């Protein structure tokens, strides 16, 4: 542990008894501990961070050469060292003509060409010039993918529902047959377009669902289903064999990781749903956050401040999870999206040099939209034995102007929860409430114990004008960069995911044991638990 980390831990020890509420004795607490960029406000004043802690955290970013690492990422250097790849999802939304090179080649012309190809195809689907076999406009689009090829576009399409003016979009990811069956059940194959999103066109979940969808199309249309198929893939030989015309295949380079890929061809269903101009606004919002991230000083830099709160809470305060709480129903998939972004990126115990990390890395990320969560897990947030830092998201305006009273209640609830987490309820106040409810004597003291809670629980709030395509782009890019900064500080590679490989390999080897095609001796190679479960799940008589 460096001296700076030691000083930070010592500072926490010395200030641990300071209440969050007392920090607001300073009249400029909110102003000094919040930051804003292009209308997006990050309030981190309800955390225990103070000027000393932030100075030490800024010094840590200097020690890990964060500025250099940011430049390396944006300039196309191969910072994904285990896969020898650049990390350039930012180039997919770049608003510059300055060359961005990988292996000496400027990647921007190919990116712009692919975006134009996407726009031409999406607009043709939307207006009906690309149509079904029968000549009808497509009414529905099914995107079949998994992981980054599903969660990103599914989340964003839902988030931008007020901007939908194209075919309805549906998303299938789970290999569980219920997912594809339930999706196909209400659709007409005569007017349905299927997009298969798999870079290698070999992902087992995606290809299993894709073949089921193809069978469904062929049952209604015959063998010629090419008009009803498109793909996001780089495996042109495999997409051709599947019956997809080359001009309907949209590829992206290996320097775009799956969980960072919705800015490019993986975002095709978003573009079909909301249109070209809105999709460009989505890219513009992310590009604005990119510029802010690269140029704003530490204390005014939203990704750096969000990362600073994360490092402070996780590594210094010892809080092992963070709750993402969007007070926006259309962001209901945002916590799951950030769960993948954060936990797949930074859920690691191995440093860049292959050694074991010396401190905890990524926390557990979870959440649900408000106000639903208030009637579920907020009990734990307020009175549980673990402190869970909360991250609230709230818009100043809703899209439903005729339901303004709904949004006023939503805002009031969001602000009330962050305030309640900080304030808590004293034993004295709890006694007063218990007395008003008719309790007295020992029963009053007992009830006061149940009604009191300590408060002093931290939260941050992200406030934005309205959930527009631009704002959604800002929010996603903000969290992308937060994950990157935390990964740099922890000294790990945020852009690979080797931990998921073994499970995939074992699933392939287990399938013959499940379907009964494996030789008998293969069962004996498995552990006792796996053999017992196989027996239970494959033998109806067991």
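The values are calculated or read from the model by the stated rules, or taken from the named source; none is laboratory data. Bear in mind the structure is a predicted one, so any value in this text is a computation, not a measurement. Here Cβ is always computed from backbone atoms with ideal geometry, including for glycine, and neighbour counts include all displayed protein chains.
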- Note on the structure: Of (1) over 21 Å from residue 388 (Cβ atoms); (2) surrounded by fewer than 20 Cβ atoms within 10 Å (Cβ to Cβ); (3) in contact with a helix residue (DSSP H, G or I) (Cβ under 9 Å, 6 or more places away or on another chain), residue 40 satisfies every one except (2)
- Query: Which one of these is surrounded by 23 or more Cβ atoms within 10 Å (Cβ to Cβ), touching a residue at least 24 places away in the same chain (Cβ under 8 Å) and part of a helix (DSSP H, G or I): 157, 212?
  - Reply: 157
- Any residue in region 435-453 that is in a strand (DSSP E or B) and under 35 Å from the mean Cα position of the chain (by Cα)? yes
- Task: Answer with yes or no whether residue 379 is farther than 30 Å from residue 258 by Cβ, loosely packed, with under 15 Cβ neighbours inside 10 Å and more than 23 Å from the chain's Cα centre (by Cα).
- Result: yes
- Meets criteria (buried (at least 18 other Cβ atoms within 10 Å of the Cβ) and modelled with pLDDT under 95) for residue 203: yes
- Query: Does residue 378 count as closer than 18 Å to residue 46 by Cβ and touching a helix residue (DSSP H, G or I) at 6+ places or on another chain (Cβ under 6 Å)?
  - Reply: no
- Query: If we only count helices (runs of 4 or more DSSP H) wholly inside region 462-536, which ones have 2 or more residues that are at pLDDT 95 or above and touching a strand residue (DSSP E or B) at 6+ places or on another chain (Cβ under 7 Å)?
  - Reply: 469-490
- Message: Can you pull out every residue in region 184-197 that is modelled with pLDDT of 95 or more and in a loop (DSSP other than H, G, I, E, B)?
- Response: 187, 188
- With the condition kept exactly as written, say whether any residue in region 388-396 is farther than 21 Å from residue 42 by Cα and modelled with pLDDT of 95 or more. no
- Would you check which residues across region 326-353 are without any contact (Cβ under 8 Å) to a residue 24 or more places away in the chain and not in a helix (DSSP H, G or I) and list them? 349, 353
- Of the residues that sit in region 168-200 and are within 23 Å of the chain's Cα centre (by Cα) and surrounded by fewer than 14 Cβ atoms within 10 Å (Cβ to Cβ), which one is nearest to residue 143 (Cα to Cα)? 174
- Item | Residue selected from region 91-110 under the condition over 20 Å from residue 285 (Cα atoms) and in a helix (DSSP H, G or I), by the criterion nearest to the chain's Cα centre (by Cα) | 110
- Could you count how many residues in region 200-209 are touching a strand residue (DSSP E or B) at 6+ places or on another chain (Cβ under 9 Å) and touching a residue at least 60 places away in the same chain (Cβ under 8 Å)? 2
- Item | Matching residues, region 160-175, being under 17 Å from residue 333 (Cβ atoms) and either free of Cβ contacts under 8 Å to residues at least 24 places away in the same chain or outside any helix (DSSP H, G or I) (or both) | 160, 164, 168, 169, 170, 171, 172, 173, 174
- Please tell me if residue 434 is at pLDDT 95 or above, buried (at least 19 other Cβ atoms within 10 Å of the Cβ) and not assigned by TED's automatic domain parsing to the domain that holds residue 21. yes
- Task: Kindly indicate whether residue 542 is touching a helix residue (DSSP H, G or I) at 6+ places or on another chain (Cβ under 6 Å) and at pLDDT below 95.
- Result: yes
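Every residue, every condition in (1) surrounded by 12 or more Cβ atoms within 10 Å (Cβ to Cβ); (2) in contact with a helix residue (DSSP H, G or I) (Cβ under 7 Å, 6 or more places away or on another chain), yes or no:
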{"residue": "3", "(1), (2)": "no, no"}
{"residue": "11", "(1), (2)": "yes, yes"}
{"residue": "16", "(1), (2)": "no, no"}
{"residue": "32", "(1), (2)": "yes, no"}
{"residue": "59", "(1), (2)": "yes, yes"}
{"residue": "83", "(1), (2)": "yes, no"}
{"residue": "89", "(1), (2)": "yes, yes"}
{"residue": "112", "(1), (2)": "yes, no"}
- Can you pull out the residues in region 116-133 that are assigned to a loop (DSSP other than H, G, I, E, B) and within 16 Å of residue 194 (Cβ to Cβ)? 130, 131, 132, 133
- Count - residues of region 122-141 that are surrounded by 15 or more Cβ atoms within 10 Å (Cβ to Cβ) and within 23 Å of residue 223 (Cα to Cα): 10
- Message: Please list, ordered by residue number, the helices (runs of 4 or more DSSP H) wholly in region 232-325 having 2 or more residues that are within 30 Å of residue 385 (Cα to Cα).
- Response: 302-311
- Looking at residue 94, is it touching a residue at least 24 places away in the same chain (Cβ under 8 Å), in contact with a helix residue (DSSP H, G or I) (Cβ under 7 Å, 6 or more places away or on another chain) and surrounded by fewer than 20 Cβ atoms within 10 Å (Cβ to Cβ)? no
- Kindly indicate whether residue 491 is outside the structural domain of residue 206 (by TED's automatic domain parsing) and on the phi > 0 side of the Ramachandran plot. yes
